[in-house]
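Here is the structure we will look at, set down as structure tokens.
The values are calculated or read from the model by the stated rules, or taken from the named source; none is laboratory data. Small disclaimer: the values here were computed from a predicted structure and weren't measured. Here the Cβ positions follow ideal geometry from the backbone for every residue, glycine too, while neighbour counts run over all protein chains shown. Surface areas here come from the heavy atoms of the whole protein model, side chains and all, with no ligands, DNA or RNA. Shrake-Rupley method; radii C 1.70, N 1.55, O 1.52, S 1.80 Å.
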Amino acid sequence: MDNNKPIGVFDSGIGGTSIWKEIHNLLPNEKTIYLADSKNAPYGEKSREEIIRLSMKNTDFLLDMNCKLIVVACNTATTNAIWELRAKYDVPFIGIEPAIKPAAINSKTQIIGILATKGTLNSELFHKTTEMFQHIKIIEQIGYGLVELIENGQIDSAEMNQLLHSYLQPMIEANIDFLVLGCSHYPYLIPQIRTILPDHIQIIDSGLAVARQTQNLLSQIGFNSDNNNQPIFYTNTNPKVLQNILGDKYNVQEKDF
Ligand code: DGL
């Protein structure tokens, strides 16, 4: 294994950069290539077959770029396609799933909320996870419209605020003490969510856990050992929104894939 090969990271759009940031913070010497398939976002409303097809297309692109491992920085793609990806390709995959376990284990009210896409909440993998915590009441809410607004650069809009209120108010009334963010786009909404939720409700996402898993896997397959670690970002739509989220330090390239 060539240690200096990049880590490939993909998502249906810009949301997976929330995971990429954790990976880059924890593993600053690693080269990374981030792929935003924004042209096809949102994945959450697509059929399982279509999500698998798009995940394979993204993987093929990253393997052509010589990646040594792939991080599926998308809950929807992980919960619908990770088994098929692992069956088809030799490269190791790390996926992201909603952090139900830490919420369920630490909940005092035994009631937790999860906000995720339709594709994630309907997946077999998600059902398998929730079956392990039958003593916990899990309030599931599909985040209709949230990914579209984020992809359009409307994170801090009145429409977003209204949608978040309508999704979170029933959870607050049901006495949740944890809110699980089951979509990699949603960490960008934490400032707004925080203004809606009472202070005692904790918000959790899986970003850091994925970065730690990546670190563990690299301890087996090899860390980067040269210093050429400038990340590369590709998107297949107008790069403006991705560029805004990343800031001037990084250069986003538009590419057809
Ligand atoms: N960011 C993705 C996720 O974690 C997918 C959102 C979407 O495209 O619907 O689920």
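What are the aspartates and glutamates whose alpha-carbon lies under 18 Å from the alpha-carbon of LYS249, with same-chain residues fewer than 8 places away excluded?
GLU22, GLU30
Per residue of region 65-70, in order, report the coupling 6.51 cos²θ - 1.76 cosθ + 1.60 (Karplus, θ = phi - 60°) as ³J(HN,Hα) in whole Hz, putting x for Gly and Pro.
Per-residue couplings from phi come out as 8, 6, 6, 8, 7, 10 Hz.
Over the residues of region 43-141, compute the C-alpha Rg and express it relative to 2.2 N^0.38 Å.
For region 43-141, the normalised Cα radius of gyration is 1.19.
For LYS118, which lysines qualify as cross-link partners when the Cα separation must be under 29 Å and same-chain residues fewer than eight apart are set aside?
In chain and number order, the partners are LYS21, LYS39, LYS46, LYS57, LYS88, LYS101, LYS108, LYS128, LYS137, LYS240, LYS255.
Given H placed 1.01 Å from N in the peptide plane, which residues other than close sequence neighbours of THR32 have an amide H under 5 Å from its amide H?
Hits under the 5 Å cutoff: ILE7, ILE232.
Please give the charge dipole size of region 121-252, origin at the Cα centre, charges +1 on K and R Cβ atoms and -1 on D and E Cβ atoms. Round to the nearest 20 debye.
260
Which listed residue (ILE232, TYR144, LEU197) has the Cα farthest towards the positive end of the charge dipole for the chain, taking +1 on Lys and Arg C-beta and -1 on Asp and Glu C-beta about the Cα centre?
Farthest towards the positive end: ILE232.
Name the residue farthest towards the positive end of the dipole of the chain from the options GLY8, ASN251, ILE221, assuming +1 on Cβ of Lys and Arg, -1 on Cβ of Asp and Glu, about the Cα centre.
The residue sitting most towards the positive pole is ILE221.
Quickly work out the ARG86-to-LEU208 label distance, labels modelled 7 Å from Cα along the C-beta direction, and quote it in nm with one decimal.
Result for the modelled spin labels: 2.5 nm.
At each listed q (0.14, 0.16, 0.18 Å⁻¹), what is the log10 of I(q)/I(0) that the Debye formula gives for region 211-257 modelled as equal alpha-carbon point scatterers?
-0.54, -0.65, -0.75
Just how large is the dipole of region 1-51 about the Cα centre, in debye to the nearest 20, putting +1 at every Lys and Arg Cβ and -1 at every Asp and Glu Cβ?
Magnitude of the dipole: close to 100 debye.
Give me the percent of the accessible area of the chain that comes from carbon and sulfur atoms, probe 1.4 Å, all protein chains in place.
Carbon and sulfur atoms account for 47 percent of the accessible area of the chain.
Compute the accessible area per residue over the chain, keeping the other protein chains in place, probe 1.4 Å, unit Å².
44
About the Cα centre of the chain, how large is the charge dipole given +1 on each Lys and Arg Cβ and -1 on each Asp and Glu Cβ? Please answer in debye to the nearest 20.
360
Could you give the alpha-carbon Rg of region 1-104 over 2.2 N^0.38 Å, rounded to two decimals?
1.03
Sort out for me the Cα centre separation of region 83-119 from region 177-248, rounded to whole Å.
Measuring centre to centre over Cα atoms gives 14 Å.
Please report the equivalent ellipsoid semi-axes of region 100-257, computed as sqrt(5 x eigenvalue) of the Cα gyration tensor, largest first, in whole Å.
That gives 30, 23, 14 Å for the three semi-axes.
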